[in-house]
Structures are given as C-alpha cells and as structure tokens.
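Q: Let me begin by handing over the structure; questions about it come next.
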Amino acid sequence: MKKLKNFTLLLTFLIPLLIIIGCEKDENTEDEKSEVFTTLTSHPWVYDTFYTICNDPEILMWYGLVDSAASATNQEILFEEDYAFLGWFDGDGKWRLENDETEVIIVSDEDQTDIYNHFSIYELTDEILILTDLADVPPSDTCYVQFIFRK
C-alpha cells in the first residue's frame, strides 16, 4: 500500500511537470517563416510596370499617371519582417498575408481595419513580384490591374 501512495504522489508531480515541459516553447528556435514570407521580406521590390484590362478611360488615365510617377522615381516597396510596409503612394502601414498566403493586405498603422490595398499574389520568385489588385477600382469594378515589381 505504501508503494501505491508513493507512486501516486510521484505521478501527481511528474505528469504536470511533463505537460509544462512539453508545452514550453524552445527559446533557442525561431518561428518557422514560410517561403512566401521569406521571399517577400528578402529585399525591396522596385516598381517596373502595370498591366490592365479595362475599358474605362478615367481608370486608364489614373493608372497611367501612377505608372509615370512610379517609373520616374524608381518607386520601391518594402515588406519588413515586423510587418511594417513602406513605400507606396497610399503611405506606409502594416501588412499581413491571408487566404493561405495567397493574398497581401496593406492596412493602416493605427487602425488594422482600415485597408489601403488588397492584392492577390499572382507570381512571386526571388526576382519578380506580380500583385493583382483585388480592390474595387472606382468607379468600375470590372477592371483587372496587376502591378509588376522586380528585385
């Protein structure tokens, strides 16, 4: 009977200890970063051009102006590892990956519900980033716009 008491006492302390040890995060290992995250944050992306399918002349004129300004200044965007986003015309903000890391959402620093841009990642390699604009393009939501960035 005494052995059973000792065994029960030992289990009373051993089981919680094993649970705590098993649940602790190893401080020496970093969080695993996905390939998409690593590639996006690996370097600044320099604006190259845009591609659109659109019949609305106002929208085409707007994107023509954006293209001219971005090309003339070698506009860069930067996805930082702390989820800061730097360098687009809407201003700096925060970014996050969504929808199984197939979409990038740029939000305000102060208000995470204030979405600046919503993009689908069309292509991502170490050399090229192509983002498809998923936001409604005012005044028409029938336009297809892609922004192309290079290393």
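Q: Provide the gained length on full extension for the span LYS33 to GLU98, in nm with one decimal, where the gain is 0.36 nm per separating residue minus the Cα-Cα distance.
A: The LYS33-GLU98 span can extend by a further 22.0 nm.
Q: If amide H atoms are built 1.01 Å from N in the plane of the peptide, which residues on other chains or at least 5 residues away come under 5 Å of the amide H of ASN117?
A: Under 5 Å from the amide H of ASN117 lie the amide H atoms of ILE106, each far enough along the sequence or on another chain.
Q: Pull out the extension gain between ILE128 and ASP109, defined as 0.36 nm times the separation in residues minus the alpha carbon to alpha carbon distance; nm, one decimal.
A: Length difference between fully extended and current span is 4.2 nm.
Q: Hey, what does the equivalent ellipsoid look like for region 19-135, semi-axes from the Cα gyration tensor as sqrt of 5 times each eigenvalue, largest first, whole Å?
A: 33, 15, 14
Q: Which number do you get for Rg(Cα) / (2.2 N^0.38 Å) in region 30-78?
A: Normalised Rg, Cα atoms only: 1.60.
Q: At 1.4 Å probe size, with every protein chain present, just tell me what the per residue accessible area of region 73-151 comes to in Å².
A: Computed with neighbouring chains in place, this is 55 Å² per residue.
The values are calculated or read from the model by the stated rules, or taken from the named source; none is laboratory data. Note that the structure is predicted; figures quoted are calculated from it, not measured. The protein model used for the area step is the full one, side chains on, heavy atoms only, and it has no ligands, DNA or RNA in it. Shrake-Rupley method; radii C 1.70, N 1.55, O 1.52, S 1.80 Å.
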